[in-house]
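J.: Sharing a structure here in structure tokens format.
Here, each number is a calculation from the coordinates, and none is a lab measurement. Because the structure is predicted, anything quoted here is derived from the model rather than measured. FYI the Cβ positions are ideal-geometry reconstructions off the backbone, even for glycines, and counts take in every protein chain you see.
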2 protein chains.
Amino acid sequence: MNDTSVDNLLKSKLSVVNVGLEGFAQELSSLGVPVAHVDWSPPAGGDPELANIVSQLILPGETTKQIDAANQVAVRRMLDGDPVLIDVVPAESVIPELKDRLVLHAGPPIEWPRMCGPMQGAVSGAVMFEGWANDLDAATVMAASGGVRFEPNHHFSAVGPMTGMITCSMPVFVVENRKFGNRAYCTINEGLGKVMRFGGNDAEVLERLAWLRDVLGPLLSQALRASGGIPLKSMIARGLGMGDEMHQRNIACTSLFLREIAPWLARTAPDSANLAQVLAFIAGNDQFFLNIAMAMGKAIMDPVRGIPSSTIVTAMCRNGTDFGIRVSATGDQWFVAPVEMPEGLYFPGYSEADANPDMGDSAILETIGLGGFAMAAAPAVVGFIGAGNASTAVVYTKKMGEIAVAENPEWAIPALDFAGVPTGIDVRLVVGSGITPAINTGIAH
Amino acid sequence: MNDTSVDNLLKSKLSVVNVGLEGFAQELSSLGVPVAHVDWSPPAGGDPELANIVSQLILPGETTKQIDAANQVAVRRMLDGDPVLIDVVPAESVIPELKDRLVLHAGPPIEWPRMCGPMQGAVSGAVMFEGWANDLDAATVMAASGGVRFEPNHHFSAVGPMTGMITCSMPVFVVENRKFGNRAYCTINEGLGKVMRFGGNDAEVLERLAWLRDVLGPLLSQALRASGGIPLKSMIARGLGMGDEMHQRNIACTSLFLREIAPWLARTAPDSANLAQVLAFIAGNDQFFLNIAMAMGKAIMDPVRGIPSSTIVTAMCRNGTDFGIRVSATGDQWFVAPVEMPEGLYFPGYSEADANPDMGDSAILETIGLGGFAMAAAPAVVGFIGAGNASTAVVYTKKMGEIAVAENPEWAIPALDFAGVPTGIDVRLVVGSGITPAINTGIAH
């Protein structure tokens, strides 16, 4: 396996299928964000050079049987994962490197000059938020001149949506995989409107982040600690029966989470004004659960890294410039290709010229069998934007089954007569099938 | 139209299709309640005497065109309904007759001697609860000897699940139909375990009812008033996209309701201990929303009563002995037939001899297009008990479409490519089709 051939593979096959999002037209217009990409036709396979690439994925002396066995080990670890949401803590308390002016971002590694505009804007905002600079101009100068250091979230057991900023004082969800003892982190979803994950960095954005840090984070921490932790596997199972696929659509799991946490918040919150504000904030954001699901995905996949001979994908992510994946056998090595500019529908007045390639670590959800892989559970996602109907959604999940090595019996889809979500993307199958992994990216998160 | 022929109609055609319920085996065993009936094969139509009955439904001089037009008026009123949950109040404050030792029950009119055991047990418990007798024996003697008066909930703009008890001090939800100005009422769901709606009447049952009256009711009242009311139509629309059909399955709407009300509860509750208890109570009962949905159903259907020539069913309900319906043109007249003993699956150790015919006003939900009519939205209801799969659920909704005169475009089902739920049961179509209205009754509510 070498970088160049996998680069080719990624370039030609791992383009991202985006699906639009419900009801955000206004927010998007006000932000100048163009609509998401919709591409329901995976490119046809059969390119003769792919056979060449497949052969390079297999190391000298490795047999198909060995690889299959390794992949079964990998999938067993995925299915055995027992993710529990246990706390919300300041990021620097679990990632001490952040204290040294480190800025974590979504996607594979990237330095300032190659970052897209929204990512640079978010970095400047985060520098301001941490008080490392007094105004945005100074923050931008600092970021551009080596005054801060950049690393991917994925290097620190973390993930983040869109720009994916994590800096030292930001509160992060802590999901513990109780089967393997590892933990993973993700920031708290900011909701709609102007937000840092889209590159926002003005006073409104920073004020909300301060409230997350000073009010929501500490209250959620107390409630989660008092609860003893909220098991996530069963919550996802319920959510799949309630129309969520946990990437574009999280209304069910957001509601189920609020149901679980509300009594604990009431028992532990010191005053009712903040309590009411916290409950209203969670209740007001259908995508609140997304970031919890992402931390869960990372907690499930981290133990799957570094299994010799396994061709299972352990991470997929984008930084707005590059798309990167990691494969189990090759551990923490990144395979990177440029993110293609999506061709899709735009709101009136916008065109491809206004668009930014997709960003974010959220494709960790597809890696664990949710998002585009669980589309059959969420016909509303396809139905709403007119890109298809319930049958289209079913077809999508079945297609994804062709590039996955197993089903997850604990995460069943009623519309598929309770078949489990396709689990464990095998890079060999992606190449062999001509199927693009369907990633439900969009503008919602 | 005369009682005898409609009795025959009801006897032969309006038998109840029950669907089993998730996860309550233990609770049921402890209560000695047998499992619900499962019958997925509507009796075949074509009985020659039905033609005779159809002819009697039509008054002299009435044309099919007139009836069709009247039914369109009826359905228009249903679709125009704008139900909003506005308050929780003591029943006697909105139904003053209750102060005079009146006991309201589910189903069509019935007196003590013909009441089934669970209904009699519930009545005795309610008499105790109101302090009209000092012990259960005295309460039973009082109820059996004319010491209390009985009337159906439906006579007072009210509905209730199972035994459906409403007495003066019980708190009731108030749903206002803002299009027509009428209001409807339903008690608060007691949750699982020993409960009055199954005929329970011991100390545990009465203590819970007292807590509903003294704590939950007043706190919900304050929160609902502060909120300005919670519109229900849009909440149902979301619930249908989240696997609820609002009769057997209310987990989505219960969660959505909690999401809406939690911030208001936090703003208005005087102390956090009670607040936490209230949030935990609502969060702990997947069927909490059922009673709200039932009050909504009654609020939607009441303005549809008494439209000359309309053959639309305005109420269906059971008191454990009789099954009764009301039809628009005949206003508040009841058409009654015995409830058939369901033939179904029983838990080990139970048989038909232990069973009680179905009870409750909850079939008001099927009357407005939910429950069995919206089964396609809730494949989990059929899938869980092995009585079918997602396709079976779709077939059921489509069948119900054959006895309904319209679809509700605001209540769409993703699995049916966003077709609306079948709305407005036309008695003529029931007779003509040989289709039994599917009513998702069971032991859950």
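J.: Do any of A:LYS65/A:LYS398; A:LYS233/A:LYS298; A:LYS398/B:LYS398; A:LYS298/A:LYS399; A:LYS65/A:LYS298 go past 18 Å between their Cα atoms, and which?
T.: Listed pairs above 18 Å: A:LYS65/A:LYS398; A:LYS398/B:LYS398; A:LYS298/A:LYS399; A:LYS65/A:LYS298.
J.: Long-range amide H contacts for A:ASP417: which residues qualify at under 5 Å (H placed 1.01 Å from N, peptide plane, sequence gap of 5 or more or a different chain)?
T.: Those lying under 5 Å, H to H, from A:ASP417 are B:ALA390.
J.: Partner chain Cβ atoms within 10 Å, averaged over the residues of B:266-275 - can you pull that number for me?
T.: 5
J.: Non-local amide H neighbours of A:PHE323 (under 5 Å, H modeled in plane, Pro and chain starts lacking H): which ones?
T.: Hits under the 5 Å cutoff: A:ALA337, A:VAL339.
J.: Now for a separate question. Can you put B:LEU216, A:LEU279 in order of Cβ neighbours within 10 angstrom, beginning with the fewest? Please report the intermediate quantities before stating the final value.
T.: Working: B:LEU216 19, A:LEU279 27.
Sorted ascending by nearby Cβ count, the order is B:LEU216, A:LEU279.
J.: Which FRET efficiency value, to the nearest 0.05, do you get for A:ALA273 and A:ASP202 by plugging their Cβ-Cβ distance into 1/(1 + (r/R0)^6) with R0 = 30 Å? Provide the component values of the computation, followed by the final result.
T.: Working: r = 26 Å, r/R0 = 0.86.
E between A:ALA273 and A:ASP202, to the nearest 0.05, is 0.70.
J.: Still on this structure, I have one more. Return A:THR64, B:THR392, B:THR163 ranked ascending by Cβ neighbour count within 10 Å, so the fewest neighbours appear first.
T.: Ordered from fewest to most neighbouring Cβ atoms within 10 Å, A:THR64, B:THR392, B:THR163 come out as A:THR64, B:THR392, B:THR163.
J.: Between copies, how far does the label point of B:VAL73 sit from its twins, in nm, shortest first, when each point is 7 Å from Cα along Cα→Cβ?
T.: Taking the point 7 Å beyond Cα along Cα→Cβ, the inter-copy spacings are 7.7 nm.
J.: Next question, about the same structure. Just want the ordering: B:PHE418, B:PHE257, from fewest to most Cβ atoms lying within 10 Å of their own Cβ. Mind showing how you got there, number by number?
T.: On the way: B:PHE418 17, B:PHE257 23.
Fewest to most other Cβ atoms nearby, the residues stand as B:PHE418, B:PHE257.
J.: Next question, about the same structure. Where does the charge balance sit around A:ILE110 when Lys and Arg score +1, Asp and Glu -1, over other residues with C-beta under 12 Å from its C-beta?
T.: Once all neighbours under 12 Å are counted, the net charge is -1.
J.: Per-residue Cβ counts within 10 Å, from other chains only, averaged over B:248-256: what number is that?
T.: Mean shielding by partner chains, rounded to a whole number: 4.
J.: Tabulate in residue order the Karplus-calculated ³J(HN,Hα) for segment A:142-152, using 6.51 cos²θ - 1.76 cosθ + 1.60 with θ = phi - 60°, rounded to whole Hz; enter x for Gly and Pro.
T.: Taking θ as phi minus 60°, the curve returns 4, 5, 7, 10, x, x, 10, 10, 10, 8, x Hz for segment A:142-152.
J.: Past the 29 angstrom mark, what percentage of all C-alpha to C-alpha distances in segment B:83-237 do you count? Display every interim value, and only then the final one.
T.: Details: 1901 of 11935 pairs.
Taking all Cα-Cα pairs of segment B:83-237, the fraction more than 29 Å apart is 16 percent.
J.: Given R₀ = 22 Å, FRET efficiency for A:ARG149-A:GLN333 by Cβ-Cβ distance, to 0.05?
T.: It comes out at approximately 0.60.
J.: Work out the charge dipole of segment B:83-237 with +1 on the Cβ of Lys and Arg and -1 on the Cβ of Asp and Glu about the Cα centre, then indicate which of B:PRO152, B:LEU85, B:PRO118 is farthest towards its positive end.
T.: Highest projection toward the positive end goes to B:LEU85.
J.: OK, next. Put a label point 7 Å from Cα along the Cβ direction on A:GLU111, then list its distances to the equivalent points in the other copies in nm, shortest first.
T.: 9.5
J.: Within the set of other residues whose C-beta is less than 14 Å from the C-beta of B:LEU275, count the net charge using Lys and Arg as +1 and Asp and Glu as -1.
T.: Its environment carries a net charge of 0.
J.: In nm, what does the list of distances from B:ALA273 to its counterparts in the other copies look like, shortest first, when each label sits 7 Å along Cα to Cβ?
T.: Spacings between copies for this position, smallest first, are 2.5 nm.
J.: With a ≥ b ≥ c taken as the square roots of the eigenvalues of the C-alpha gyration tensor of segment A:192-238, please select rounded if a/c is under 1.5 and otherwise prolate if a/b is larger than b/c or oblate if it is not?
T.: oblate
J.: Note down the net charge around B:LEU416, summing +1 for each Lys or Arg and -1 for each Asp or Glu among other residues with Cβ under 13 Å from its Cβ. Walk me through the numbers before you get to the answer.
T.: Numbers: positive: B:LYS398, B:LYS399; negative: B:GLU245, B:GLU407, B:ASP417.
So the environment of B:LEU416 carries a net charge of -1.
J.: Further question on the same structure: Karplus couplings for segment A:122-133 from phi (6.51 cos²θ - 1.76 cosθ + 1.60, θ = phi - 60°), rounded to Hz, Gly and Pro as x?
T.: 5, 4, 4, x, 5, 4, 4, 4, 7, x, 7, 8
J.: Please compute the contact order of segment B:184-340 in relative form: average sequence separation of alpha-carbon pairs under 8 Å and at least six residues apart, divided by the residue count, as a percent.
T.: Averaging sequence separation for qualifying contacts and normalising by length gives 21 percent for segment B:184-340.
J.: Looking only at other chains, what is the average number of their beta-carbon atoms within 10 angstrom of each beta-carbon in A:236-243? It would help to have the intermediate numbers written out before the result.
T.: Values: counts 0, 0, 6, 2, 2, 10, 11, 11.
The per-residue average across the peptide is 5.
J.: I would also like to ask the following. Apply 1/(1 + (r/R0)^6) to the Cβ-Cβ distance of A:THR392 and B:PHE180, taking R0 = 35 Å, and write down the FRET efficiency to the nearest 0.05.
T.: 0.30
J.: Still on this structure: Compare the Cα positions of B:SER221, B:LEU232, B:GLY193 along the charge dipole of segment B:83-237 (+1 at Cβ of Lys, Arg; -1 at Cβ of Asp, Glu; about the Cα centre) and return the one farthest towards the positive end.
T.: Looking along the dipole axis, the top candidate is B:LEU232.
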